[in-house]
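*Asks:* Got a structure for you, written out below as structure tokens; questions coming shortly.
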Amino acid sequence: MINHADFYSNYLQHWDLDSSMTLLNHGAFGGTPRLVLARQTQYRAQMEGQALRYYMREHEDLINESKQKVGDFLGMKPDNFVFVQNTTQGVNTILHSLRPEKGDEWLITSLNYGACVQTFKWYANKYGLTLNTAQIAFPLNHENEVVAGIIAALTPNTRLVLLDHITSATGIVLPIQKIIAQLRERNIDVLIDGAHAPGMLPLDIEGLGVTYYVGNCHKWICSPKGSAIMYVRPDKQHEIAPLQLSHFHDRAIGQLQHWSNQFVMTGTMDYSPYFCIATAIDFFEKTVENGWNGVRAYNHNLALAARQLLAETLETPLPAPENMVGNLANILLHPDVAPPAYGYNYSEGLQDCLFHEYGIEVPIFYIKNKETGKTAQYVRIACQLYNALPQYEYLAEALKKVLHK
């Protein structure tokens, strides 16, 4: 009988994870250390102990304190970004606020995250716009293939492009600085879906020169669920309003702070995840040797080693160059399979087998090869501090057994 707990790293002590299983999908919803959860409990006790004082006298200061820490960490001035509950909400907020002109076109890519693709489709239809898709080949050999695919899909009427900083299904880091430079030359706005980027990559969001940037903090910064950021370049802020307007809408009219103030209080809800982003940033800086540089180095090196081990064990080629790997990595399982018809909550067969028979939680993806037209089957690993190489050795052996049945 396997003891899954033996496969984790010593960092497991900081999480309340179910160690009776091998959890290899941190990228899906993140995971919050117990110290950060304890701080959230304190904020919630503060809220329930005297709600009027909490919301009317303390809330704004707590928001501003967290924004200062988060802004410093991610390279944004506090007045140029706001907290939202998740990346999808940020994308919806931006598209809901835009007022495109007749004949405008938007561009997404074949690698974009499904929820954001659906959002772009809905709003493009609402506004009567043409929505084009840049077909990006995967597997790929060089990051310039991504740049070329996007540039080739632009038209004279392209006004907005959606880019994933780190793709979800393929797990690759896109060369967004190269792409943004090309789009700025053409006066095209760009919205970055950075769901996986905060915490995984060192970021200077304002330095990117991007129009809009949204990113989750509950994934790789490991703050509580429901904590994300939405950056809007100052010249565009007058166009973007919260999905839900509330009391702070008329705060500081005519001042620079007016835009971000609208998002301080959008109604009665539990704002403690926002306050705890700063707690999570401090936790990793103080807990891990070399702070956040140490966190990133551990996760990245583990991802490279694990994908190499899996590829060698399964005798399959790596689908992307090493310089496009962060903490996520895809490994090819089969180059030509019939894709299943499924929705968001569909439980894939191989994924179910690994879960029920081996106690492994890891996602399986089906990605169409744009050159051959065939659909390939991949397993995507995610590497967080609590993971360790023996877990991926166990996954490799389990996959070898299942795939050769």
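The values are calculated or read from the model by the stated rules, or taken from the named source; none is laboratory data. This is a predicted model, so every value here is computed, not measured. So basically every Cβ, Gly included, is an ideal-geometry build from the backbone, and we count neighbours across all protein chains shown. For accessibility, only protein heavy atoms count, side chains too; no ligands or nucleic acids. Shrake-Rupley method; radii C 1.70, N 1.55, O 1.52, S 1.80 Å.
*Asks:* About its Cα centre, how strong a charge dipole does the range 285-405 have in debye, to the nearest 20, once Lys and Arg get +1 and Asp and Glu get -1 at the Cβ?
*Replies:* In total the dipole reaches around 220 debye.
*Asks:* Order these peptides, 376-385, 394-403, 154-163, by their mean beta-carbon neighbour count within 10 angstrom, highest first.
*Replies:* Going by the mean number of other Cβ atoms within 10 Å, highest first, we get 376-385, 154-163, 394-403.
*Asks:* Another one. Viscosity 0.890 mPa s, temperature 25 °C: Stokes-Einstein D of the chain from its Kirkwood Cα radius, in µm² per second?
*Replies:* D = 110 µm²/s.
*Asks:* Another question about this same structure. Report in % the part of the accessible area of the range 272-405 that belongs to carbon and sulfur, leaving out ligands and nucleic acids; probe 1.4 Å.
*Replies:* Ligands and nucleic acids excluded, carbon and sulfur reach 49 percent.
*Asks:* If you don't mind, there's one more thing I want to ask. Hey, what D do you get for the range 296-393 in µm²/s if you plug the Kirkwood alpha-carbon radius into Stokes-Einstein at 20 °C and 1.002 mPa s?
*Replies:* 149 µm²/s
*Asks:* Taking the Cα centre of the chain as origin and charging only Cβ (+1 Lys, Arg; -1 Asp, Glu), how large is the dipole, in debye to the nearest 20?
*Replies:* 600 debye
*Asks:* Enter the accessible area per residue of the chain (Å², integer; probe 1.4 Å; all protein chains in place).
*Replies:* Result: 44 Å² of accessible area for each residue.
*Asks:* For T130, list long-range residues whose amide hydrogen, built 1.01 Å from N in the peptide plane, is under 5 Å from its own amide hydrogen.
*Replies:* Residues meeting the criterion, in which the H sits 1.01 Å from N, are W106.
*Asks:* Can you compute the helix-only [θ] at 222 nm over the chain? Use -39500 (n - 2.57) per DSSP H run of at least 4 residues, normalise by all residues, nearest 500 deg cm²/dmol.
*Replies:* About -11500 deg cm²/dmol.
*Asks:* Next up: Just want to confirm a number: the relative contact order over the chain, from Cα pairs under 8 angstrom separated by 6+ residues, in percent.
*Replies:* 22 percent
*Asks:* Among the aspartates and glutamates, which fall within straight-line cross-link reach of K400, defined as a Cα-Cα distance under 20 Å, with same-chain neighbours fewer than 8 residues apart omitted?
*Replies:* In chain and number order, the partners are E312, E315, D336, E348, D352, E357, E361.
*Asks:* Can you work out ³J(HN,Hα) from phi for every residue in the range 201-212, in order, using Karplus 6.51 cos²θ - 1.76 cosθ + 1.60 and θ = phi - 60°, giving whole Hz and x for Gly and Pro?
*Replies:* In residue order, the calculated couplings are 10, x, 10, 10, 4, 5, x, 5, x, 7, 6, 9 Hz.
*Asks:* Something else: Using a probe of 1.4 angstrom, how much of the accessible area of the range 117-174 is carbon and sulfur, in percent?
*Replies:* 48 percent
*Asks:* Let me ask something additional. If you take every DSSP beta bridge whose two residues both sit in the chain, what share of them, in percent to the nearest 5, is antiparallel?
*Replies:* Close to 55 percent.
*Asks:* Can you classify the range 75-133 as rounded, prolate or oblate using the Cα gyration tensor, where a ≥ b ≥ c are the square roots of its eigenvalues, rounded means a/c under 1.5, and otherwise it's prolate if a/b beats b/c and oblate if not?
*Replies:* prolate
*Asks:* Using the per-residue mean of other Cβ atoms lying within 10 Å as a proxy for protection, in what order, highest first, do the peptides 326-338, 232-244, 58-70 fall?
*Replies:* 326-338, 58-70, 232-244
*Asks:* Also: Once Lys and Arg get +1 and Asp and Glu get -1 on their Cβ, which of F29, Y358, H238 lies farthest toward the positive end of the dipole of the chain?
*Replies:* H238
*Asks:* Now for a separate question. Any chance you could get the radius of gyration and Dmax over the Cα atoms of the range 1-145, in Å?
*Replies:* That works out to 21.6, 64 Å for Rg and Dmax.
*Asks:* Highest mean first, what order results for 134-141, 284-291, 223-230 on Cβ atoms within 10 Å?
*Replies:* Ranking the peptides 134-141, 284-291, 223-230 by packing returns 223-230, 134-141, 284-291.
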